Structures are given as structure tokens and as C-alpha cells.
1. Which percent, nearest 5, of DSSP beta bridges in the chain are antiparallel?
2. Can you give the % of DSSP beta bridges in the range 209-333 that are antiparallel, to the nearest 5?
3. Calculate, axis by axis, the spread of Cα positions in the range 4-204 along the three principal axes, and write the results as whole Å, longest axis first.
4. In the calculated pair distance distribution of the range 262-335, what percentage of Cα-Cα distances lie above 16 Å?
5. Evaluate the distance, in nm, between pseudo-label points positioned 7 Å from the Cα of Thr134 and of Glu224 along their respective Cα→Cβ axes.
6. Can you compute the FRET efficiency between Ala12 and Gln66 using 1/(1 + (r/R0)^6), with r the Cβ-Cβ distance and R0 = 30 Å? Round to the nearest 0.05.
7. Calculate, for the chain, the solvent-accessible area per residue in square angstrom, rolling a 1.4 angstrom probe over the heavy atoms of the protein chains.
8. Take the Cα atoms of the chain, find their three principal axes, and give me the spread along each one in whole Å, biggest first.
Amino acid sequence: MENIHELKAQLASPKDIVIISHRNPDGDAIGSSLGLYHYLLSQGHAVHVVLPSEYPDAFLWMPGIQNIIVFDSDQERTREVCERAQIIFCLDFNSLDRIDKVGEIIQPLNSVKVLIDHHLYPEPFADYVMSDTTASSTAEMVFDFIVLMGHRPDISRATADCVYTGIVTDTGSFKFSTSPKLFRIVAELLELGVDDYKLQDLIFNSLDEKQLRLLGHCLYNRMEILPEYRTGIITLTKEDYEHFDIVRGETEGIVNYLLKMRDITMAAFITEQPSIVKISLRSKGDFSVQDICRKHFKGGGHRNASGGFSFQPLKVTLRKFKELLPEYKDALNNY
Ligand code: 5GP
Ligand code: MN
């Protein structure tokens, strides 16, 4: 990060700070935000974490989670803490539209904005930018940030638990985006007392019965395989959401099951949401789903995990997605 010394100087005295992460927060959004939260609190700052929408129950055990302000249920308080903030940290997203209305709130504010993120092509809305598209997770970058601030020896157990959560979720339990550096950081987290077995159990074995039945429904009734394009698709309708009584965050991870099939390069999870159709894409190897999401579905993300959306009906969106496949046929077959 350029100007790191300037930011370090600003953080040398107590500040009013807000940390914001993205809508439909995942383990990395929550883990990186709360990890930074505990660090900044320990440095004497007044800190608030803001999320645009609710977090999944699987993370309820995390230290500090009950203090998070959720914009959807507390708009006034969100506005109040943002307007008071001298510094706003933006974590795990690369453009203000990923935080919806909260983006409109913070854009005009004069507060210093700091972006810490690992997504491709960050938009230039922040005063200080720490962008590392090779990082496994924003949580790993929060660890790097604390090291840059010179406080590696002071990392608390609470920060370690939160950083571990961001790393283990965004790497799919150390399957993607790993590096020797990452494993060294994780080793250090374990030395700080992180109980990795217990945390993985809390995070990953947290489905309830309806979610497990929904998974069965997706794989048995809603899955389509297109061998010619090495692509698997799962779609969910509004009626599916009603029948299984599920909300969006509870479908997390379903898309990954498609990649378990031999000879599948790309997985698509296309779902009917109240006002949009949401698209989640995953891929293997060099095949970039980021490219597809950016060009065709107003979205983006990472090469192997991206998302986007469409204002057209589910059927039309599905047709549009399938019509794109011939263009990518060679790449899908030579990933
Ligand atoms: P997911 O498919 O789990 O929702 O998201 C996968 C990745 O794509 C995440 O890193 C997320 O930040 C990114 N992503 C998901 N939806 C969108 C979107 O609508 N716009 C952008 N720019 N990125 C997205
Ligand atoms: Mn992330």
C-alpha cells in the first residue's frame, strides 16, 4: 500500500472508525471485518462494523458479531455511525454498488476511506488502497495489514479466530488460492490458540434439515449437465425458496457440488430473487468466470468464483447463459 505511513500516523491516535463489508456477507466478509474490528478496538479506537444485509447463523459464535449493525434492519444507526466516522474501512468488495444503499451513504462523506480487498479490478473510490488479487481472502490481507502496522506480536485470540474463519471459508477449507505464505499465517493463528477443528465444525456442519433437503432437491430435480460444454447448472425458482422456507444465504456452497463431477469445468447456480435473478459461477483452472460475469451479468469477482445478476426472468436469464456457451466451448474443453 502506498502512503502506508500516512495511514499509520492517522491511526496513531484514537479515531471513530467504521468497517463495512458486502451484501449477503460470507465468512470472509464477516471474518475480515471482525478481525480488523478486534484489532482496532485493541488500539483504542471507537469501532463499528456495518453490513448491508443479515449474516448467516453459522457465524453467530464469532466474537463481536452481536455488535454488527445491519443496514437492512437499522438504517438510522448505519447513517449515524457512518456520518460520524473519521475513517471508513471497506473490506472484501471492489465497487460501491456491492454495498447498495450504504455506498450512497458513504460516497459523499469526507471521511478517509481505506480499501482492503482481493477481488479483480477494484474501482478507485478509496484514499488508501490495499489490493492483492493473489491473496486467498480479505482476512489474510487483514493479517498482512496488522503486520504492516507493526502490531504482529499483539494479535489477539479474537482477531485470530476471525481471520481463520475468513481464510478457511474463502479457500473452501484450504482447497483454493493457497500459498506457502498462507499456511505460515495459519500456523501462526493456531499458535495463537485457534481451535481449527472446532471452528470448522461450527462453520461447516451447521446446516439444518431443510437446507440438507434443499441440497437433495437441487441435485435431484434442478440440476442440468451440458457435457458438450463441461458445464453444470442448478436453478432455483421463487417457489423452491417458499417450499423449503429458505433465504438466500442458506444456499451458500450448493454451486460447488457441481464441480465434484468429473469433466466439469464450470458450475452455475442461477436463482430467482425478489427483484433480480442472481447468478453464481465457479470454475476450475484457467477458465475465467469473472470474464463472463463482468461482460454479461453486471458482476465480477475472482477468476474461479464470480457472481452477477440480471433483471430478466429466470427462464430468459438461463437461456442467455446457455447461448453464451458456444463462444466459450474451446476454453471450457481446454481448461
Ligand atoms: P457468490 O457466487 O458466492 O455470490 O460470489 C462469488 C464471488 O463473486 C464473490 O467474491 C463475490 O464478491 C463476487 N460477486 C458475487 N456477486 C457479485 C456481483 O453482483 N457483482 C460483483 N462485482 N461481484 C459479485
Ligand atoms: Mn473474500
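1. Values: 19 of 45 bridges.
Of the beta bridges lying entirely in the chain, close to 40 percent run antiparallel.
2. 75
3. Result for the range 4-204: principal-axis Cα extents of 42, 36, 32 Å.
4. Numbers: 1196 of 2701 pairs.
Result: 44 percent of Cα pairs exceed 16 Å.
5. 4.0
6. Values: r = 29 Å, r/R0 = 0.98.
That pair, Ala12 with Gln66, gives E of 0.55.
7. Working: 15630 Å² over 335 residues.
For the chain, the per-residue accessible area is 47 Å².
8. Principal axes ranked by extent give 59, 41, 39 Å for the Cα atoms.
The values are calculated or read from the model by the stated rules, or taken from the named source; none is laboratory data. Since the model is a prediction, treat every value here as computed from it, not as a measurement. Every residue, glycine as well, gets a Cβ built from its backbone with ideal geometry; the counts of neighbours run over all protein chains shown. Note: areas computed on protein heavy atoms with side chains; ligands, DNA, RNA excluded. Shrake-Rupley method; radii C 1.70, N 1.55, O 1.52, S 1.80 Å.
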